Amino acid sequence: AVSIFAIGTQIAMPIILAIFFLDFALGMVSRVAPQVNVFQLGMEIKPALGAVVFLLMLPFLLAYIHPLLSSSLSHIMVVMTHLKLGV
């Protein structure tokens with residue numbers, strides 16, 4: 001269960017960091033130009049930024065997930081073998 005949380009965190013971290021830096025930049029804009037509606041601007045930009053970062057990391061993500069899926073398949077085969085044998 002711990003490895004699942006660690007893998008999920010590693011996969012989500014680029015998007016989380018990109019949105020954090022966007023929030024930081026929007027906070028700076030809010031301090032410099034208070035008349036700009038930063039809340040509305042953030043609500044429009046954050047989903048697009050998350051999608052762009054996800055699309056940019058997709059090739060790396062596929063290379064990262066492939067070994068995880070292959071090891072999961074071997075674990076599933078072991079469980080199925082034990083279930084079949086009744087052990």
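With Rg and the Kirkwood Rh both taken from Cα atoms, where does Rg over Rh land for the chain? Before the final figure, lay out the partial values.
Working: Rg = 20.5 Å, Rh = 16.2 Å.
Reported Rg/Rh, Kirkwood definition of Rh: 1.27.
Taking the Cα atoms of segment 10-61, the ratio Rg/Rh between the radius of gyration and the Kirkwood radius comes to 1.07. Counting only protein heavy atoms and a 1.4 Å probe, the chain has 81 square angstrom of accessible area per residue.
Computed from Cα positions, the angle between helix 38-85 and the longest principal axis of the chain comes to roughly 10 degrees.
Give me the percent of accessible area attributable to carbon and sulfur for the chain, probe 1.4 angstrom.
Working: 5550 of 7020 Å².
In the chain, the share of accessible area belonging to carbon and sulfur is 79 percent.
The values are calculated or read from the model by the stated rules, or taken from the named source; none is laboratory data. In this text, all values refer to a predicted model and were calculated from it rather than measured experimentally. Areas reflect the complete protein model, heavy atoms only, side chains present, ligands, DNA and RNA absent. Shrake-Rupley method; radii C 1.70, N 1.55, O 1.52, S 1.80 Å.
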